[in-house]
């Protein structure tokens with residue numbers, strides 16, 4: 001209850017601040033820490049950045065920077081620069097030279113001014129930008145942010161939970177389940193700070209999925225039930241359905257079909273209510289599998305047909321592998337071996353297609369890592385060579401200087417000797 005009250009309070013503050021955005025009240029910006037400005041800046045990034053044209057958005061940035069200069073608030077000046085970078089990153093058609101020039105400039109300023117909060121945020125922004133463009137580089141930026149914020153509290157870095165969640169989710173994307181569990185567990189243990197428990201729910205549920213993939217169903221149960229309890233507490237029907245469906249699939253894998261059916265049906269009902277045809281189709285495919293195993297062939301066929309329609313509506317064609325497997329079993333039960341073989345081949349093709357896409361991602365990441373490693377070695381060689389050349393020149397200059405001094409000394413000595 002206490003957590004729910006805090007959540008409602010933070011949401012109320014967020015809404016009040018969002019309504020005041022167009023006026024830039026100085027008391028909400030000037031002389032504040034990043035944490036104190038956090039909700040205000042987040043609202044600008046989430047509400048105005050995607051919707052406003054460059055003229056209006058840069059006018060907003062100029063006004064913030066002016067406030068910083070007039071009030072001798074260096075942090076606020078830099079906040080304006082970060083908003084500018086956010087705009088460039090969001091609109092990816094921006095000239096890359098301009099974009100990365102500003103990024104390097106801000107990194108340099110953050111290092112020079114020892115602004116660790118700004119360094120963390122820049123790493124996060126760069127990671128977000130490169131995800132999907134260069135996965136290995138994105139991982140490096142996310143880890144650089146993590147190294148800075150891991151010992152900070154949310155009162156200093158309010159985006160901590162979200163950032164750690166994203167790092168864990170990146171490992172989940174690449175099916176590195178042990179690393180995903182490590183960071184996602186840390187994320188849901190991080191104190192919630194006005195994030196509507198969204199990342200707590202996401203992280204807890206994904207940890208359950210990781211354990212499910214690793215075959216540890218007891219641990220998966222625990223995290224799905226934990227996420228479900230949070231969803232019920234805050235009245236989030238979407239997550240109540242999702243976590244029920246995931247828990248139901250655990251029981252399906254165990255062969256406890258009666259318990260599984262109740263949980264999966266709950267997911268279907270709640271998914272249909274909100275028009276989430278992807279989740280609805282996933283759970284319906286499992287229920288159809290259960291009915292087929294129980295010999296209810298006609299009912300299973302009806303459910304398979306409905307699931308196919310929902311897959312088409314959702315566009316989540318990755319679910320076709322499970323559906324084709326179901327249809328192959330279904331037609332085999334009906335004695336139609338030709339269609340059974342056809343759908344079995346289709347399931348194999350869908351599986352192979354997914355495997356090929358994932359393998360391509362893995363290869364791409366390895367190539368990116370190799371390119372980055374070679375680039376760093378080349379940069380290190382250039383630095384070493386430059387240092388060597390500099391020191392060699394310096395030594396040569398010193399030697400020449402000493403030779404000149406020696407020559408002058410000897411010449412002077414000879415002149416003195418001749419006079420004598």
Q) Using beta carbons and a limit of 6 Å, which pairs, at least six apart or on different chains, have the first residue in the range 240-252 and without any contact (Cβ under 8 Å) to a residue 24 or more places away in the chain and the second one in a helix (DSSP H, G or I) and surrounded by fewer than 22 Cβ atoms within 10 Å (Cβ to Cβ)? A) 251/259
**Q.** Count - residues of the range 134-160 that are more than 16 Å from the chain's Cα centre (by Cα) and within 9 Å of residue 120 (Cβ to Cβ)
**A.** 3
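Is it the case that some residue within the range 106-117 is under 21 Å from residue 186 (Cβ atoms) and touching a helix residue (DSSP H, G or I) at 6+ places or on another chain (Cβ under 7 Å)? Give the steps one after another, and end with the answer.
At the first step, the residues of the range 106-117 found to be under 21 Å from residue 186 (Cβ atoms) are 116-117.
Within this subset, residues satisfying the condition of being touching a helix residue (DSSP H, G or I) at 6+ places or on another chain (Cβ under 7 Å) are 116-117.
Yes.
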Q: Considering only the range 309-335, state which residues are farther than 19 Å from residue 294 by Cβ and not in a helix (DSSP H, G or I).
A: 315, 316
(Q) I need every pair where a residue in the range 139-157 that is under 15 Å from residue 186 (Cα atoms) has its Cβ under 6 Å from the Cβ of a residue that is in a loop (DSSP other than H, G, I, E, B), sequence separation at least 6 or different chains. (A) 149/157; 154/191; 154/193
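Starting from residues that are in a helix (DSSP H, G or I) and out of contact with any helix residue (DSSP H, G or I) (no Cβ under 8 Å at 6 or more places or on another chain), keep the ones in the range 179-217 and report whichever is modelled with the lowest pLDDT.
Within the range 179-217, the first condition is being in a helix (DSSP H, G or I), and the residues that meet it are 179-189, 198-213, 217.
Next, from what is left, pick out any that are out of contact with any helix residue (DSSP H, G or I) (no Cβ under 8 Å at 6 or more places or on another chain): 189, 198.
Working: 189: 91, 198: 86.
In this case the residue turns out to be 198.
For residue 323, state whether it is free of Cβ contacts under 8 Å to residues at least 40 places away in the same chain, closer than 21 Å to residue 297 by Cα and in contact with a helix residue (DSSP H, G or I) (Cβ under 8 Å, 6 or more places away or on another chain).
Numbers: free of Cβ contacts under 8 Å to residues at least 40 places away in the same chain: no; closer than 21 Å to residue 297 by Cα: yes; in contact with a helix residue (DSSP H, G or I) (Cβ under 8 Å, 6 or more places away or on another chain): yes.
In short, no.
The values are calculated or read from the model by the stated rules, or taken from the named source; none is laboratory data. It should be emphasised that the depicted structure is a prediction, and the values quoted were computed from it without experimental measurement. Glycine gets a Cβ as well: all are built from the backbone with ideal geometry, and neighbour counts include every protein chain shown.
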